[in-house]
Amino acid sequence: MFEQYPELRRILVNTKTDRAFRGVLWRRRRGYLVLRNAEMVRAKNEVVPLDGEVMIEAANVDFIQVLS
């Protein structure tokens, strides 16, 4: 589903559950996106740093923005 997005790019993932995550797309694995150096972006651009890797189920992704 996300083959056109290159790994190792900084992205913003907006989910269908109204959550947003920013980080480096490390890999795509078995229906999941794996982010490193991830942050959860809350309302009013409040950023919460997250430890470790974050796995987001691809079926829950609303859209992805590739950041520069």
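Of the candidates V41, V61, V13, V47, the single residue that is among the β-branched types (V, I, T), in contact with a Lys or Arg (Cβ under 6 Å, 6 or more places away or on another chain) and modelled with pLDDT of 95 or more is V41. Applying a threshold of 6 Å to beta carbon distances and a minimum spacing of six or more residues, or different chains, the list of pairs starting in segment 24-40 at a residue that is over 18 Å from N14 (Cβ atoms) and ending at one that is not in a strand (DSSP E or B) reads R27/E7; R36/E53.
If you go through segment 50-64 and keep only what is of a type outside the set (A, V, I, L, M, F, W, C), more than 12 Å from A20 (Cα to Cα) and open to solvent by 80 Å² or more (accessible area, probe 1.4 Å), you end up with D51, E53, E57.
Specify the residue that is least open to solvent (accessible area, probe 1.4 Å); the eligible residues are those in segment 35-46 that are within 18 Å of A58 (Cα to Cα) and not aliphatic (A, V, I, L, M). Only one residue tops the list, namely E39.
For Y32, the conditions (1) open to solvent by less than 70 Å² (accessible area, probe 1.4 Å); (2) of a type in the set (F, W, Y); (3) modelled with pLDDT of 90 or more are fulfilled apart from (1). The residue that is farthest from K44 (Cα to Cα), counting only those in segment 6-26 that are open to solvent by 30 Å² or more (accessible area, probe 1.4 Å) and β-branched (V, I, T), is V24.
The values are calculated or read from the model by the stated rules, or taken from the named source; none is laboratory data. Computed from a prediction, not measured in an experiment: that's the story for all the values here. Cβ atoms come from the backbone with ideal geometry, glycine included; neighbour counts cover every protein chain shown. Remember, those area values only see protein heavy atoms, side chains included, never the ligands or the DNA or RNA. Shrake-Rupley method; radii C 1.70, N 1.55, O 1.52, S 1.80 Å.
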